[in-house]
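Worksheet: the structure to be examined is printed underneath.
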Amino acid sequence: MIFLVAALLLLGVLVGTAAHLPLAATLTAATAIAAWLLIFAVREYRAKEARR
């Protein structure tokens with residue numbers, strides 16, 4: 001859960017600075033965050049399935 005909070009905090013910071021960054025940098029950062037959240041979700045799902 002702390003990772004999700006950190007990701008959302010980082011996303012908030014990036015959205016706040018998105019107006020000052022080039023579009024390519026903003027999209028790169030957004031892609032990295034989305035990939036991190038997807039990997040986290042898959043790991044949590046697999047851990048949940050392993051406990052069953």
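The values are calculated or read from the model by the stated rules, or taken from the named source; none is laboratory data. The structure presented is a predicted model; accordingly, all values stated were derived computationally and were not measured. Note that we place each Cβ from the backbone using ideal geometry, even for glycine, and neighbour counts take in every protein chain shown.
Structure above, values below:
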item: Qualifying residue in the range 25-45 (condition: surrounded by fewer than 10 Cβ atoms within 10 Å (Cβ to Cβ), assigned to a helix (DSSP H, G or I) and of a type outside the set (A, V, I, L, M)); result: no
item: Hits in the range 16-40 (condition: in contact (Cβ under 8 Å) with a residue 12 or more places away in the chain and either farther than 23 Å from residue 1 by Cβ or under 8 Å from the mean Cα position of the chain (by Cα) (or both)); result: 26, 30, 33, 36, 37
item: Any chance residue 10 is loosely packed, with under 12 Cβ neighbours inside 10 Å and assigned to a helix (DSSP H, G or I); result: no
item: Which numbered condition residue 2 fails, given (1) at pLDDT 90 or above; (2) loosely packed, with under 10 Cβ neighbours inside 10 Å; result: (1)
